[in-house]
Every structure is written in structure tokens, then in C-alpha cells.
Amino acid sequence: MNSIELKEKKQHDRRKRRPLFFHRVITFLMYLLSFAISLTILMRPDAKSSLIIILSTGAIFATFGSAISSLFCSFQNELMNRIMTNINVLQTDILKQSKPWRRWPFIPRIFAGRLLNDDTMFQDLSNPELSIDVGTHEIKITIPTVQEDFYDLQLISNYYQLKKYKKAKSTLFSTKYGEKQTDTTKLSNEDEYMAYNCLLDIWTTIFKYRVSKYVMHLGCGLTIFGVTITCIMVLVS
């Protein structure tokens, strides 16, 4: 592998690692925010005037954080069921795949490591894409299959494209209504339109899932830091 190819590969790897990196950064910021909120409220003079008030404030804070976590965890379960149902509908009913591609969760998106014989092993996992005609051009949308894909695939890019060209796709569908086969996906015009809407619902729901996940982490952080700061205040009081 020459220097140009190596440089291109590094850029490619960075692009593929970027979504998961951003997810981890946002998760860390949620815990940092929860720590700041916990510290600000529990360290107020009126919140630590006596041992009873310290314990009461800490208990209320921990209960509030736990309630947020439980509520959004339940919401995530509903969203997950919707996502997996839509993926099954897309692959089986619309694309009519007899053996749908599915990612094995234990395989990382990107991996590079040196072996015992000093060789280097590279691993690059790519999900299937669906090219969809929106009238003026084609857009490529990645098909997620497992929960790990929610974090290490391009959420914003897929979601933005589907939202942006929804009217364009609807217009194209109406003008080509009744066509048996499209040039892009080789599906019927109706099936390609259904695939578009199915993917839009999948990525919209994944977006909601990610947001609820971050709010759940915020609630977990409020519970953890609320209990921790309260215990420290009780010990030093």
C-alpha cells in the first residue's frame, strides 16, 4: 500500500469512526451536564442547612433522575420495536429478499491491528445501501439492521436526505404512477415509493431513539451524582 492509498484509507477510517465518536462525546456531555446540575442544586446553602434537608434533597433528586431514566427507557423500547418491524417490512415485504443481509453485532465497524507475525489486519464493515431516484438525481440511503448501526452509521446524512427530498419523491411517484419497474432499484414505482417512506420512518425513529437515549443518560447521571454528592455531604457534615 503506497502513501497515497494509506492516506486515503486513514481518511476513510476517520469518516467511519466519526458517528460513534460523536455519540460517545454527547453521552459524556450528558453526564457532565448532570454532574453540573447536581452540584449546583445540592450545594446551595438552603439545601445543606441540616442533615435532614441534605438527605431529603438528595432523595428527591435521585428519585427525579430515576423517573426520567425509567420513562425514556420505556419510550426507547417502543421505538426499537417500531424500527425492527420496519426493517423487516423493508427487507422482506418491499425488497423481497429471501435472505436479508444482517450485521453480526460482534463485528466492529472498523478494526486495524497487528498480528503475532507482524502482519496488519484491516477490517471494514459496510451496510447495504439503497439508491433511490428523487427526480433530479439519485440518493443513497444506508439500511441499518441492528442496534449497533444506530450509533456508528451516518444518522444526520441519511435522515437529512430523506426529509429533504420527500416532496420530490412524492412528485416523481405521482408522475410515474403505474410504471412496472424503475431504472434505479428495479422495483415497481409503488414499491420504491414505499421503500422511501419506510426508510424515512426508520431513520426518523432512530433519531428519536438517539435523543431519548441521551435524555436517559442525563437521568442516570442525575441519580448517580445526586446520591454520590449527598453521601459526601453527609460524611463531611
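Any chance region 163-178 includes a residue that's within 16 Å of LEU95 (Cβ to Cβ) and touching a Phe, Trp or Tyr at 6+ places or on another chain (Cβ under 8 Å)?
Within region 163-178, the first condition is being within 16 Å of LEU95 (Cβ to Cβ), and the residues that meet it are none.
No - not one qualifying residue is present in region 163-178.
Can you name every residue in region 36-54 that is surrounded by 14 or more Cβ atoms within 10 Å (Cβ to Cβ) and part of a helix (DSSP H, G or I)?
Across region 36-54, the qualifying residues are ILE37, SER38, ILE41, LEU42, ALA47, ILE54.
Looking at (1) closer than 26 Å to VAL25 by Cβ; (2) surrounded by 20 or more Cβ atoms within 10 Å (Cβ to Cβ), can you tell me which one ASN127 breaks?
Answer for ASN127: the failing condition is (2).
Tell me which residues, restricted to region 206-236, are without any contact (Cβ under 8 Å) to a residue 12 or more places away in the chain and within 27 Å of the chain's Cα centre (by Cα).
VAL211
Report every pair of residues separated by at least 6 positions or lying on different chains whose Cβ atoms are under 6 Å apart, first residue within region 96-113 and at negative phi, second assigned to a strand (DSSP E or B).
PHE111/GLN123; ALA112/PHE122; GLY113/MET121
Would you confirm, using the coordinates I've provided, whether GLN76 is surrounded by 13 or more Cβ atoms within 10 Å (Cβ to Cβ), out of contact with any helix residue (DSSP H, G or I) (no Cβ under 8 Å at 6 or more places or on another chain) and part of a helix (DSSP H, G or I)?
No, not satisfied.
No lab work stands behind these numbers, since they all come straight from the coordinates. What you are looking at is a predicted structure, and each value in this text was computed from that prediction instead of being measured. We place every Cβ from the backbone using ideal geometry, glycine too, and count neighbours over all the protein chains shown.
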